[in-house]
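The numbers here are math on the coordinates, done by the rules we state, and not lab data. Not measured: the values here are computed from a predicted model. Quick reminder, even Gly has a Cβ in these numbers, built from the backbone with ideal geometry, and neighbours come from all protein chains shown.
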Amino acid sequence: MSDMKTIFGKIICGDIPADVVYEDDDVLAFKDVNPQAPIHILIIPKKEEIPTLNDAESRHKELLGHMLLTASRIAADKGIAESGYRLIMNCNAEGGQTVFHLHLHLLGGRQMTGF
Ligand code: AMP
């Protein structure tokens, strides 16, 4: 963990504070500092800094599934599972990615538009 360079890596190491909503051995979930919805949570891998989805390998299959299941559990905990929510994973510049530590956005608490 000590070689993590991004702002999310610093959150994992405890060098930068975050409003953590869930944590286990493999993932950390915390509130986005610039929320785009009443509920906006980021789910990130803890053990390894995977910059983008392009860098994920077949050995990360379980981790990627765990990130999705963590999102659905947090949505249930927050009471938005039935009303609905949106998951987003941005990849590289044209995808809108700004932090190069793989992360899943969980957005909810309002009607999502677009797409
Ligand atoms: P992306 O554009 O997909 O790379 O998303 C990065 C997200 O990280 C943005 O929604 C930012 O608001 C969020 N963010 C950046 N720094 C922090 C931080 N220190 N704590 C929580 N969220 C952050």
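Taking only segment 15-30 into account, find how many residues are surrounded by fewer than 12 Cβ atoms within 10 Å (Cβ to Cβ), in contact (Cβ under 8 Å) with a residue 12 or more places away in the chain and within 11 Å of the ligand (Cβ to nearest atom).
1
What residue, among those in segment 36-67 that are surrounded by fewer than 13 Cβ atoms within 10 Å (Cβ to Cβ) and without any contact (Cβ under 8 Å) to a residue 60 or more places away in the chain, is nearest to ALA93 (Cα to Cα)?
This residue is ASN54.
Determine, yes or no, whether VAL33 is touching a residue at least 24 places away in the same chain (Cβ under 8 Å), within 11 Å of the ligand (Cβ to nearest atom) and part of a loop (DSSP other than H, G, I, E, B).
The answer is no for VAL33.
For segment 73-108, which residues satisfy the criterion of being in contact (Cβ under 8 Å) with a residue 60 or more places away in the chain and either surrounded by fewer than 16 Cβ atoms within 10 Å (Cβ to Cβ) or over 18 Å from ALA29 (Cα atoms) (or both)?
Correct list: VAL99 only.
If I filter segment 1-12 down to residues being surrounded by 12 or more Cβ atoms within 10 Å (Cβ to Cβ) and over 12 Å from the mean Cα position of the chain (by Cα), which single residue comes out as farthest from the ligand (Cβ to nearest atom)? Show your work before the answer.
Quick first cut of segment 1-12, residues surrounded by 12 or more Cβ atoms within 10 Å (Cβ to Cβ) only: 4, 6-12.
Checking the rest, the ones that are also over 12 Å from the mean Cα position of the chain (by Cα) come to 4, 6-7, 9-12.
Working: MET4: 13, THR6: 9, ILE7: 5, GLY9: 11, LYS10: 8, ILE11: 6, ILE12: 11 Å.
Here the residue is MET4.
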